[in-house]
1. Taking Cα atoms, how many degrees apart are the long axis of helix 23-33 and the longest axis of the chain, rounded to 10 and kept between 0 and 90?
2. Pull out a ≥ b ≥ c, the square roots of the eigenvalues of the alpha-carbon gyration tensor of region 1-146, then state rounded if a/c is under 1.5, prolate if not and a/b is larger than b/c, and oblate in the remaining case.
3. Compute the relative contact order of the chain as a whole-number percentage, counting only Cα pairs closer than 8 Å that sit 6 or more residues apart in sequence.
4. Take each of the peptides 107-117, 50-60, average the number of other beta-carbon atoms within 10 Å over its residues, and list them starting from the highest.
5. Relative to the longest principal axis of the C-alpha atoms of the chain, give the angle of the C-alpha long axis of helix 119-132, reported between 0 and 90° and rounded to the nearest 10°.
6. Sort region 75-137 into rounded, prolate or oblate with this rule: let a ≥ b ≥ c be the square roots of the eigenvalues of the Cα gyration tensor; rounded if a/c is under 1.5, and if a/c is not under 1.5, prolate when a/b is larger than b/c, oblate otherwise.
7. Tell me whether region 108-190 comes out rounded, prolate or oblate; compute the Cα gyration tensor, take square roots of the eigenvalues as a ≥ b ≥ c, and use a/c under 1.5 as the rounded threshold.
8. Between helix 166-175 and the chain, what is the angle of the helix's C-alpha long axis to the longest principal axis, kept within 0 to 90° and rounded to the nearest 10?
C-alpha cells in the first residue's frame, strides 16, 4: 500500500485561552473556514500543549496551531491564516502559516490513540495495525483518558512507539494509528525521552 505523504502546516495564534476539552470544537471551526478538510480522513490538528487553568488552556505567546494534511494540500491550508475563530466562546486569530516537513525520529508519541478496548487488547490491536504497515517498533502504553467528540466521549490511551527505523517513523507519522483524526487522535510526533513519561509505563 502506498503511503500518502503528509506535512505539518504551523500557524501562529493570537488568543488568550481555549477550553481544555477543545479538540473537536477547534476542528469544526477550521473546517468552517476550509470545508475541503472534512473529506480528508488522514488530516487532523495536533493536540495543543499549554498550561491548564480551571476548565481552560492558557495559550503562551508562542502557541502554534499545527494542521497535518497531505503534502499536495499544503498551499490550500495557508488560507487559514488571517481567519478569526470562535472555539467554544474563546476568540482566536490565526497568524502566519509555515510548512514543516515531517522528520524521522526513532521514538514517536501520540497523546491519545482512540480505543474502547482494555489495555492489553489495545496493545495487541496496535501491534496488529503496525504490522500491517510494515512497522516493528516497541510499544509503551500510557494512561487512559477521554476527550469530547462529536457523539459523546472518546476514550483511548497515550502511546509511545520506539526503536523505529527512519522509514518506519515517517510511515507512522503519515498514517497514524486508530481513528478520530478530526479529534486529534492517533497522530504521532517525535518524542525525545522514553523514560519516566509522566508516570506512564507498559
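1. Once rounded, one gets 50 degrees.
2. Oblate is the answer for region 1-146, as a/c is 1.5 or above yet b/c matches or exceeds a/b.
3. 28 percent
4. Ranking, from highest mean packing down: 107-117, 50-60.
5. Relative to the chain, helix 119-132 is tipped by roughly 90 degrees.
6. oblate
7. prolate
8. Its long axis makes an angle of about 50 degrees.
Read-outs: derived from the displayed coordinates by stated rules, not from any lab. None of the values given here were measured: they were computed from a predicted structure. Here Cβ is always computed from backbone atoms with ideal geometry, including for glycine, and neighbour counts include all displayed protein chains.
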